[in-house]
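The values are calculated or read from the model by the stated rules, or taken from the named source; none is laboratory data. None of the values given here were measured: they were computed from a predicted structure. All Cβ positions, even for glycine, are placed from backbone atoms using ideal geometry, and neighbour counts span all protein chains on display.
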Amino acid sequence: MKATLEIIASNLDHVIQAQQSGADRIELCAALSADGITPSHGFVQSAIKQSTLPIMVMIRPREGDFQYSEIEIESMNQDIEWAKKCGAMGIVIGILDEHQNVRKDVLKKWVQAAYPMEVTFHRAFDVTQDPFQALEDIIACGCTRILTSGQESSCILGKTLIKELQTRAGQRITIMAGAGINGTTIGDIMDAGIYEYHMSGHQAREGSNAQEKMFGTHPTLQLNDIQHVASVLSALALTELS
C-alpha cells in the first residue's frame, strides 16, 4: 500500500511549498503555536483555488480544550459549510465532553453536514479517557480517519498504542500518525502498520530588523522546510520498496 503524507499549511506560501515538496495532501489551519485553529475564509478559498493537492480544513474555533458551547458549535457548523462550498476534500475536527469522551451526538451531525467531504478526528483523540472506546465512537459517527500520536507527546513514544489502534480498527477507519514524524522515525511508525502520516514540515525563522524595531524582539516566523519533507518521502519510498 502506498503511504500518504499530509503537510500543514498556515499561509499561501506553505501551500506552494507543500506542493513543491511532493506531499500528498494539505491541512489548512491558523495559529500553529496554539496547535491550530480554523483558518480565515479568505485563506481557505484562495488555497483551494490554487492548490493542486487535496485540501483538508481545520475546524477549531479557539485554542484550549475541546469542550465547545452551543454558540461555538454553531460557528463550527458554518465553517463546515464554508469548507464544503469552497471545494475542500475534507475537514479536521473533534469534540469531547467534560469527561473527555467523544461527543457522539454533535460529531455525527458534523459528519452528516460535511458529506461528501472526508472527516478527520484530530488530536483531541489523544486526551480521551479511553482511546479504544473513543475509536469505536468515532467509527460509529462515520469519520474517515483519526490523527493521533498514541496519547503521547510524539508518535514514537505512542507507537504501541498506535499499533493496537490500527489492529482494532482494521479496515473500518484510517489511523494517521502525527507528532515527531521525520526521516529517521518514519520507518518505525510504518512497522506499526500505519500508512498515513501528518507533519508540519516547518522550521523556525527569525523576523526582520524592521520587526525587531517595531516589536522589540525578533518574532519567530514559520516556513515549510522542503528538504525535511523530502527526507520523510525518501524514507517512505525506501520502506515501501523493501
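Is one or more of the residues making up the range 64-75 crowded, with 16+ Cβ neighbours inside 10 Å, outside any strand (DSSP E or B) and modelled with pLDDT under 95? No, the range 64-75 contains no residue that is crowded, with 16+ Cβ neighbours inside 10 Å, outside any strand (DSSP E or B) and modelled with pLDDT under 95. For the condition modelled with pLDDT of 95 or more and in contact with a Cys (Cβ under 7 Å, 6 or more places away or on another chain), what is the one hit in VAL106, VAL111? On inspection, the qualifying residue turns out to be VAL111. Do the conditions hold for THR148, that is, is it among the polar types (S, T, N, Q) and touching a Phe, Trp or Tyr at 6+ places or on another chain (Cβ under 6 Å)? Answer is yes for this residue. In the range 88-102, is there at least one residue being surrounded by fewer than 21 Cβ atoms within 10 Å (Cβ to Cβ), free of Cβ contacts under 8 Å to residues at least 60 places away in the same chain and within 17 Å of ALA30 (Cβ to Cβ)? So far as the range 88-102 goes, no, none of its residues is surrounded by fewer than 21 Cβ atoms within 10 Å (Cβ to Cβ), free of Cβ contacts under 8 Å to residues at least 60 places away in the same chain and within 17 Å of ALA30 (Cβ to Cβ). Do you know which residues across the range 167-182 are part of a loop (DSSP other than H, G, I, E, B) and farther than 23 Å from SER33 by Cα? Hits for the range 167-182 are GLY170, GLN171, ARG172, ILE173. Restricting to the range 16-45, name every residue that is under 16 Å from GLY90 (Cα atoms) and not in a loop (DSSP other than H, G, I, E, B). Once the filter is applied, which keeps residues that are under 16 Å from GLY90 (Cα atoms) and not in a loop (DSSP other than H, G, I, E, B), the range 16-45 yields ARG25, ILE26, GLU27, LEU28, ILE37, HIS41, PHE43, VAL44, GLN45. The residues in the range 38-52 that are surrounded by 14 or more Cβ atoms within 10 Å (Cβ to Cβ), modelled with pLDDT of 95 or more and out of contact with any Phe, Trp or Tyr (no Cβ under 7 Å at 6 or more places or on another chain) can be counted, and the count is 7. For the range 112-129, residues that are in contact (Cβ under 8 Å) with a residue 60 or more places away in the chain and not in a helix (DSSP H, G or I) total 3. Residues of the range 27-74 that are aliphatic (A, V, I, L, M) and touching a His at 6+ places or on another chain (Cβ under 8 Å): LEU32, MET58.
Candidates are the residues of the range 130-145 that are in contact with a Phe, Trp or Tyr (Cβ under 9 Å, 6 or more places away or on another chain) and not in a helix (DSSP H, G or I); the one that is nearest to GLU196 (Cα to Cα) is ARG145. Against the conditions (1) surrounded by fewer than 20 Cβ atoms within 10 Å (Cβ to Cβ); (2) in contact with a strand residue (DSSP E or B) (Cβ under 6 Å, 6 or more places away or on another chain); (3) within 16 Å of THR120 (Cα to Cα), ILE26 satisfies every one except (1). Every test in (1) of a type outside the set (Val, Ile, Thr); (2) farther than 18 Å from ILE8 by Cα; (3) touching a Lys or Arg at 6+ places or on another chain (Cβ under 7 Å) is passed by ARG168 save one, and that test is (3).
Taken together, LYS109, LYS163 contain a single residue that is within 25 Å of GLU70 (Cβ to Cβ), without any contact (Cβ under 8 Å) to a residue 60 or more places away in the chain, part of a helix (DSSP H, G or I) and among the basic types (Lys, Arg), which is LYS109.
Please determine whether any residue of the range 77-87 is closer than 14 Å to ILE138 by Cβ and either assigned to a helix (DSSP H, G or I) or at pLDDT below 95 (or both). Among the residues of the range 77-87, not one is closer than 14 Å to ILE138 by Cβ and either assigned to a helix (DSSP H, G or I) or at pLDDT below 95 (or both), which makes the answer no.
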